[in-house]
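To keep things clear, I will list the structure first and then write my remarks on it.
The values are calculated or read from the model by the stated rules, or taken from the named source; none is laboratory data. Note that the structure is predicted; figures quoted are calculated from it, not measured. Cβ placement follows ideal geometry from the backbone for every residue including glycine, while neighbour counts extend to all protein chains displayed. Note: areas computed on protein heavy atoms with side chains; ligands, DNA, RNA excluded. Shrake-Rupley method; radii C 1.70, N 1.55, O 1.52, S 1.80 Å.
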Amino acid sequence: WVLGRAVPIRDEEGEINKWFGTCTDIDVYKQQQKQKDEFIGVASHELKTPMTTIAASIQMLDRIYQKDATSESIPRLLDTTKKSVSKLSGLIAELLNVTKIEAGQLVLNPGWFNLSQAIHESCEHINLLGTHTVLIEGDLGLEVFADAQRTQQVVINFINNAVKYAPGEKE
């Protein structure tokens, strides 16, 4: 990318007799703009899911509370909301760490965790909405060594895409 700028040099009669200009290499700037746009797209996508879960939990809490303020569902929904707020806070902190983003570094935090539990937590926003049912089958006790938060982000993307691109399916 090159930015060209020029101004006309006029004679006494106002006629243009030459141009004076510059050309500036702005390729690095354009590449940074592209990276910023991609980053904003990913960030907005990643922030939507915890926000949807929080909103759905609050709506469900409100409905349940109106019917029965002592319902056993209230603590579970509050716990779901707290987890989503925590995930959202972590994502925001990660997104705001501009130094790592500019350096192109992705920090992974691997550890052992139960995969089916992580998948279950990743699907809470779908289950809360009540529009679909997510079935988790297989070895429910399987422990994996990976970054739990990144794994959940991938599962959330898969589930959201399944809901979005298979509108006729409910499971």
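The table below lists the values:
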read-out: Test: Gln117 is open to solvent by less than 40 Å² (accessible area, probe 1.4 Å), within 30 Å of Asp62 (Cβ to Cβ) and at pLDDT 80 or above; value: no
read-out: Tally of residues being surrounded by 16 or more Cβ atoms within 10 Å (Cβ to Cβ) and not in a helix (DSSP H, G or I) across region 145-171; value: 2
read-out: Residues of region 8-37 that turn out to be assigned to a loop (DSSP other than H, G, I, E, B) and open to solvent by 100 Å² or more (accessible area, probe 1.4 Å), as a count; value: 3
read-out: Those residues of region 112-156 which are among the polar types (S, T, N, Q) and under 16 Å from Ser84 (Cβ atoms), in sequence order; value: Gln117, Ser122, Asn127, Gln149, Gln152, Gln153
read-out: Region 116-144: number of residues that are assigned to a helix (DSSP H, G or I) and either of a type in the set (Val, Ile, Thr) or in contact with a Pro (Cβ under 7 Å, 6 or more places away or on another chain) (or both); value: 2
read-out: Residue count, region 45-68 (criterion: of a type in the set (A, V, I, L, M, F, W, C), open to solvent by 80 Å² or more (accessible area, probe 1.4 Å) and within 16 Å of Val154 (Cα to Cα)); value: 0
read-out: In region 48-77, the residues that are among the charged types (D, E, K, R) and not in a loop (DSSP other than H, G, I, E, B); value: Lys48, Asp62, Arg63, Lys67, Arg76
read-out: Among (1) open to solvent by 70 Å² or more (accessible area, probe 1.4 Å); (2) over 29 Å from Glu94 (Cα atoms), the one test that Ser71 misses; value: (1)
